[in-house]
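A.B. asks: Take a look at the following structure, please.
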Amino acid sequence: MGNRKEFTFPSSDGVHQIHAILWLPDGEPKGVVQLVHGICEYALRYDHFARFLTGHGFAVAGHDHLGHGLTAKGPEEYGYFNDWWALVKDVYALRETVGRLIPNVPYFLLGHSMGSFVTRTYLIDYPGTLAGAILSGTGQEPALTVAAGKLLTGLGNPHKVNKLFYNLSIGAYNKQFAPSRTPADWICRDPAVVDAYLADPLCNFQTTAGMNHAMMTGLQYVAKKKNLAKMDRGTPVYFFAGDADPVGANGRGVEKVARWFREAGVKDVTVKLYPGGRHEMLNETNREEVYADSLVWLEGHLG
């Protein structure tokens, strides 16, 4: 069902060409879902979910962030960018491009993990440009932890991996799943997905200090009440995550961010936590349930 087209567009950094994908349904799209991927992955990892959505009449768009996937010019660029807002502007650029190709239908963003942080920034910076947003695997570390991470990643070479930061963040996510089979057991319970992730050179790299520093800057930005107040209160937001996801503090971080949205006046906020689910609910052992729940939410917000 449907077909997939790949293309590029200029990044807001003025240097790179962003690699993008558009999945189209067989008939006229009833809406668009733009995917905003997470750290150490790329848009095509969402092909199965995108095809599920096109099978239900949605067009799906996505792109590889700076330092990721086919946007990176080679392995030497994997895991590096130094400007958080370049990522956010690239999301907006794709939203505008696809919006021109497929006008006059509801347009949604779905951001996962780091992509959920980018999407949260987008909701502040570009209010009123979406019919809704889905945040997958989001969370928020305490302000002091984020500030310490920003300080730590501001030291040394931004193009290099800060081993201490890595060990305290991604390197620590597996601890709650000991004894673990692999270093990536934290992403989901499906061993085939975990093994494919570890075998994929477009996933199997570590992030640089520059990228982590930029992300800490973004996390500080999305935590400020004055920024949250800029969001369009009428834009509905759906949070979903596993209740064993270390990024979301096993659900507590997800609930915290949802509470911030409600306190900022967002009228339609839904949270779904899946028992036993880990970080990548779209790749989890119960992914068909997650797909179906996402579709119900999307179709319920077509207007």
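The values are calculated or read from the model by the stated rules, or taken from the named source; none is laboratory data. If you're wondering where the values come from, they're calculated on a predicted model, not measured in any experiment. So basically every Cβ, Gly included, is an ideal-geometry build from the backbone, and we count neighbours across all protein chains shown. Quick note on the areas: whole protein, heavy atoms, side chains included, nothing else; ligands and nucleic acids left out. Shrake-Rupley method; radii C 1.70, N 1.55, O 1.52, S 1.80 Å.
A.B. asks: Being loosely packed, with under 14 Cβ neighbours inside 10 Å, out of contact with any helix residue (DSSP H, G or I) (no Cβ under 7 Å at 6 or more places or on another chain), small (Gly, Ala, Ser) and more than 29 Å from Pro183 (Cβ to Cβ), is that true of even one residue in region 26-38?
C.D. replies: Start the filter on region 26-38 by keeping residues that are loosely packed, with under 14 Cβ neighbours inside 10 Å, which leaves 26-28.
So of that shortlist, the ones also out of contact with any helix residue (DSSP H, G or I) (no Cβ under 7 Å at 6 or more places or on another chain) come out as 26-28.
With the extra rule that they be small (Gly, Ala, Ser), the set shrinks to 27.
From what's left, more than 29 Å from Pro183 (Cβ to Cβ): 27.
Yes: one or more hits.
A.B. asks: Having 3 or more residues that are open to solvent by 50 Å² or more (accessible area, probe 1.4 Å) and free of Cβ contacts under 8 Å to residues at least 60 places away in the same chain is the bar; report the helices (runs of 4 or more DSSP H) wholly within region 62-165 that clear it.
C.D. replies: So the answer is 84-101, 143-153.
A.B. asks: Of the residues that make up region 71-81, is at least one within 29 Å of Val105 (Cα to Cα), polar (S, T, N, Q) and in contact with a Pro (Cβ under 9 Å, 6 or more places away or on another chain)?
C.D. replies: Scanning region 71-81, I find no residue that is within 29 Å of Val105 (Cα to Cα), polar (S, T, N, Q) and in contact with a Pro (Cβ under 9 Å, 6 or more places away or on another chain), so the answer is no.
A.B. asks: Name the residue, out of Tyr46, Tyr42, that is in contact with a strand residue (DSSP E or B) (Cβ under 6 Å, 6 or more places away or on another chain), under 20 Å from Leu135 (Cα atoms) and of a type in the set (Phe, Trp, Tyr).
C.D. replies: Exactly one of Tyr46, Tyr42 is in contact with a strand residue (DSSP E or B) (Cβ under 6 Å, 6 or more places away or on another chain), under 20 Å from Leu135 (Cα atoms) and of a type in the set (Phe, Trp, Tyr), namely Tyr46.
A.B. asks: Now for a different question. Report the residue count in region 271-286 for those that are open to solvent by 10 Å² or more (accessible area, probe 1.4 Å), part of a helix (DSSP H, G or I) and of a type in the set (A, V, I, L, M, F, W, C). Please lay out each step first, then the result.
C.D. replies: First pass over region 271-286, keeping only residues open to solvent by 10 Å² or more (accessible area, probe 1.4 Å): 271-273, 275-276, 278, 280, 282-283, 285-286.
Okay, now just the ones that are also part of a helix (DSSP H, G or I), so 282-283.
The next check asks that each one be of a type in the set (A, V, I, L, M, F, W, C); those that pass are 282.
Result for region 271-286: 1.
A.B. asks: Additional query: For the structure I just gave you, tell me whether Ala214 is under 18 Å from the mean Cα position of the chain (by Cα), in contact (Cβ under 8 Å) with a residue 12 or more places away in the chain and at negative phi.
C.D. replies: Yes, satisfied.
A.B. asks: Another question about this same structure. In this structure, does Ala20 turn out to be without any contact (Cβ under 8 Å) to a residue 40 or more places away in the chain, closer than 19 Å to Gly115 by Cα and surrounded by 20 or more Cβ atoms within 10 Å (Cβ to Cβ)?
C.D. replies: Numbers: without any contact (Cβ under 8 Å) to a residue 40 or more places away in the chain: no; closer than 19 Å to Gly115 by Cα: yes; surrounded by 20 or more Cβ atoms within 10 Å (Cβ to Cβ): yes.
So Ala20 does not fit the description; no.
A.B. asks: Can you find even one residue in region 249-263 that is surrounded by fewer than 19 Cβ atoms within 10 Å (Cβ to Cβ), touching a strand residue (DSSP E or B) at 6+ places or on another chain (Cβ under 9 Å) and under 26 Å from Ala50 (Cβ atoms)?
C.D. replies: No - not one qualifying residue is present in region 249-263.
A.B. asks: Something else: When region 166-179 is examined, which residues are found to be under 20 Å from the mean Cα position of the chain (by Cα) and part of a loop (DSSP other than H, G, I, E, B)?
C.D. replies: Ser169, the sole residue that qualifies.
A.B. asks: Here's another thing I want to ask about it. Within region 199-211, can you find the residues that are within 19 Å of the chain's Cα centre (by Cα) and surrounded by fewer than 23 Cβ atoms within 10 Å (Cβ to Cβ)?
C.D. replies: At the first step, the residues of region 199-211 found to be within 19 Å of the chain's Cα centre (by Cα) are 200, 202-208, 210-211.
Of everything in region 199-211, those that are within 19 Å of the chain's Cα centre (by Cα) and surrounded by fewer than 23 Cβ atoms within 10 Å (Cβ to Cβ) turn out to be Asp200, Leu202, Cys203, Asn204, Phe205, Gln206, Gly210.
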